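Colleague: Got a structure for you, questions after.
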Amino acid sequence: MLSQQNLEKAQALFTRYPEKKAALLPILWIAQGQEGWISQEMMKYVGDLVGVPYAHVLGVVTFYTMFNDKKLGKHHIEVCTNVACLLRGSDKILSAVEKACGTKLGSTSIDGKFTVSEVECMGACGGAPMLAIGQEYHEHLTSEKTEQLLASLK
């Protein structure tokens, strides 16, 4: 299920690790980069590729918030709700995100434009409250700044 080019990348990774199964995380990154998410079929494929059971791959994919086991909207919005962000108003940020995106936490908007997720910590406590849109962090947010930010997305 990996493209020929990505399969070659995966095969090259095997030379860098003492056991094939040690390459699981980077190969999952390759798979997610190819598809935008990691389907059950891809998890089974990757498990076979590295020599671990599907249940192990599923556990890894669902444990790490950086992996997605569902298709995402065009914009993936991750709201930090850890202690620092919560104390500085992440609950209000989350409400503003849900309102602006027209969807609830853990869901994708009907138009496929937004997926809203909660994350425990993104390591930006000094800029709390914060959220990420894709790989881009937005810190020191207010409800108003959040609404303006989301309105600017195309």
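The values are calculated or read from the model by the stated rules, or taken from the named source; none is laboratory data. Remember, predicted model here, so these are calculated numbers, not experimental data. Because the Cβ atoms are built from the backbone with ideal geometry, glycine has one as well, and the counts that use them run over all protein chains shown.
Colleague: Within segment 44-69, can you find the residues that are without any contact (Cβ under 8 Å) to a residue 40 or more places away in the chain and touching a Ser or Thr at 6+ places or on another chain (Cβ under 9 Å)?
Modeller: Hits for segment 44-69 are N68, D69.
Colleague: Moving to a separate point now. Taking segment 6-22 as the region of interest, how many residues are under 23 Å from the mean Cα position of the chain (by Cα) and either within 26 Å of L72 (Cα to Cα) or not aliphatic (A, V, I, L, M) (or both)? Don't jump to the end; show me each part of the working.
Modeller: Narrowing segment 6-22 to residues under 23 Å from the mean Cα position of the chain (by Cα): 6-7, 9-10, 13, 21-22.
Remaining after also requiring either within 26 Å of L72 (Cα to Cα) or not aliphatic (A, V, I, L, M) (or both): 6-7, 9-10, 21.
Of the residues in segment 6-22, 5 are under 23 Å from the mean Cα position of the chain (by Cα) and either within 26 Å of L72 (Cα to Cα) or not aliphatic (A, V, I, L, M) (or both).
Colleague: If I ask for residues that are closer than 16 Å to T142 by Cβ and among the hydrophobic types (A, V, I, L, M, F, W, C), which ones from segment 85-123 would you list?
Modeller: Answer for segment 85-123, where residues must be closer than 16 Å to T142 by Cβ and among the hydrophobic types (A, V, I, L, M, F, W, C): C85, L86, L87, I93, L94, A96, V97, A100.
Colleague: Here's something else I'd like to know. So which residues in segment 133-154 are aliphatic (A, V, I, L, M) and part of a strand (DSSP E or B)?
Modeller: Of everything in segment 133-154, just one residue is aliphatic (A, V, I, L, M) and part of a strand (DSSP E or B), namely I133.
Colleague: I would also like to ask the following. Could you please tell me which pairs satisfy a Cβ distance under 8 Å, a separation of 6+ or placement on different chains, a first residue in segment 4-22 that is surrounded by fewer than 11 Cβ atoms within 10 Å (Cβ to Cβ), and a second residue that is part of a helix (DSSP H, G or I)?
Modeller: R16/A23
Colleague: Also, quick follow-up: From the list S90, S152, exactly one residue is hydroxyl-bearing (S, T, Y) and over 21 Å from T65 (Cβ atoms). Which is it?
Modeller: Checking each option against the conditions leaves just S152.
Colleague: Does T146 qualify as being over 22 Å from M66 (Cβ atoms), of a type outside the set (D, E, K, R) and touching a strand residue (DSSP E or B) at 6+ places or on another chain (Cβ under 8 Å)?
Modeller: Here the answer is yes, as T146 does meet what is asked.
Colleague: Just give me the residues in segment 124-143 being touching a strand residue (DSSP E or B) at 6+ places or on another chain (Cβ under 9 Å) and more than 15 Å from L72 (Cα to Cα), in sequence order.
Modeller: Residues satisfying the conditions are A124, C125, G127, A128, P129, M130, L131, Y137, H138, E139, L141.
Colleague: Here's something else I'd like to know. Looking at (1) over 29 Å from G126 (Cβ atoms); (2) surrounded by 14 or more Cβ atoms within 10 Å (Cβ to Cβ); (3) at pLDDT 95 or above, can you tell me which one M1 breaks?
Modeller: Among (1) over 29 Å from G126 (Cβ atoms); (2) surrounded by 14 or more Cβ atoms within 10 Å (Cβ to Cβ); (3) at pLDDT 95 or above, the lone unmet condition for M1 is (3).
Colleague: To continue, here is another question. Can you pull out the residues in segment 23-59 that are over 21 Å from the mean Cα position of the chain (by Cα) and either surrounded by 15 or more Cβ atoms within 10 Å (Cβ to Cβ) or modelled with pLDDT under 95 (or both)?
Modeller: Once the filter is applied, which keeps residues that are over 21 Å from the mean Cα position of the chain (by Cα) and either surrounded by 15 or more Cβ atoms within 10 Å (Cβ to Cβ) or modelled with pLDDT under 95 (or both), segment 23-59 yields L49, V50, V52.
Colleague: When residues of segment 74-132 are filtered for being part of a helix (DSSP H, G or I), touching a Ser or Thr at 6+ places or on another chain (Cβ under 8 Å) and of a type in the set (D, E), how many remain?
Modeller: 1
Colleague: Is it fair to say K71 is closer than 30 Å to T142 by Cα, out of contact with any strand residue (DSSP E or B) (no Cβ under 6 Å at 6 or more places or on another chain), of a type in the set (K, R) and not in a helix (DSSP H, G or I)?
Modeller: yes
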